[in-house]
Amino acid sequence: MTVRPITQRRRATFVRCGSTIAVLVLFAHVAFAQQTIAIRDARIVPVSGPVIEKGTIVMRNGLIADVGAGVAVPAGAMVVEGQGRTVYPGLFDAGTTIGLTEVPGLMESDDFSDLGDFTPNLMAFDAFHSSSVFVAIARAGGVLHVITMPSGGMVPGQGAVMAMGGSTAYEMEVARHGPMGLDFPKLQDYVPPAYTRRRHPYVDARDYQTKMKELVEFFARARRHMEAREKNPAMPRDTRYDAMIPVLKGQQPVFIDVQSGLDIKKAVEFGKEQKLNFALVGADDAPKLADFLKENGVRVIIGLPEPQPIREDDPFDAVCRAAATLHAQGVRFAFGTGYQADDRNLRHAVGMAVACGLPQDVALRSVTLTPAEIVGVADKIGSIEKGKRANLVLTDGDIFEYGTHIVQTFVNGVPTGVRTRYTDLADQYKDRK
């Protein structure tokens, strides 16, 4: 075998070939999205309407072209046989850090936190890492939509609503200007779970008063800036305060991070005073204040129903029953995995809430249509309806059951598969002795 050196001419040829391959892959992806695909004779759970026991979904140009029991498969369509399968809209994690962190705890791979207490102009979308291994892992768990959120200051910046399929952040974008984060000052604080240190919530009024004063002053300056810009649009721009204008007008939702009951009441009071379109995030004591939240029309993004209680004197099933309690009192809520990037167990965790009394249809809505409504993207995703994005999950059973497998997923009408780094490693080492 003769090895020839790579001359300038050959190098140019390789570059042209590489560019050609990249273009061909791009065109192949676009062609797949434009191709008509039909899932035939499947059980369809639209969320926004009654279950269709045997129906067909037609996908074209990345959207749902038609859906129903009497829908015919168009001529020339690629057919996916759905007999014995169930189709759900892609699940929606309403709070995570996917795309902003790769190796939890390794600072070099983290990009979800920045310096400064007030950085509303920072956008998670700009830092989103579309090639993160957690994207495929989320997809394999049926999670096709996430709100990835920054943290680190009192107003750390804007989250982004992203779909879990595509080669770039622009292909994965649902809404780059997602909810604004607000880490509300804590008057009553604790480190859960409380019984690990036998530490009860404690009050630190000095730190709370200082931070609260800074927060109120920042909003006041932002409001003065907005009013000045309305009078004189030609005035010099300030990116921090410009980013707050949609928030102050109620056009952009705000996710207020709180935990204790005392702070929940303060946060709701602040949100109403500032006329914000807000939802509470975390809100561990929300079930204890369900009547108050219902009365004030407050939406809540709650954490996963983990098995252990937060405080040592809470009932053993307090966290598991939190969602059921909120639903019984008429409080709208969605689930978020929190500041972690692994969404693979979202559906199983929500299944625990079902086991603890949450109606199954409400549970499904809380991880599909409800979070889409909270952040204003329900016209695009969250349910299986004509004209919405074809982001679908095909299963061999109830999506909340541990024994159910995710058979196939579709993002923008493109089959994305369920292989992950985990399955690749399992195949690589399964026969090792």
For this session: Name the lysines eligible as straight-distance cross-link partners of K231: C-alpha to C-alpha under 22 Å, and not fewer than 8 places from it in the same chain.
Result: K249, K275
Seminar exercise, completed: The Cα radius of gyration of the range 111-151, divided by 2.2 N^0.38 Å with N its residue count, comes to 1.37
Exercise. Roughly how large, in nm² to one decimal, is the mean projection of the convex hull of the alpha-carbon atoms in the range 293-344?
Worked result: 4.4
Seminar exercise, completed: Taking only the alpha-carbon positions of the range 258-417 as identical scatterers, the Debye log10 I(q)/I(0) at q = 0.12 Å⁻¹ comes out as -0.57
Seminar exercise, completed: For the range 201-267, the percent of all C-alpha pairs falling in each 5 Å bin, from 0 up to the bin holding the max distance, is 3, 14, 20, 21, 15, 12, 9, 5, 2, 1
Exercise. When the gyration tensor of the range 340-428 is built from Cα positions, what are the square roots of 5 times its three eigenvalues, in whole Å, from largest to smallest?
Worked result: 23, 20, 12
Problem set entry | Among Q408, S366, V350 the positive-end extreme of the charge dipole of the range 317-433 (Cβ point charges) | Q408
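Any read-out appearing in this document is the output of simple, stated calculations on the displayed coordinates, not a laboratory observation. Since the model is a prediction, treat every value here as computed from it, not as a measurement. So basically every Cβ, Gly included, is an ideal-geometry build from the backbone, and we count neighbours across all protein chains shown.
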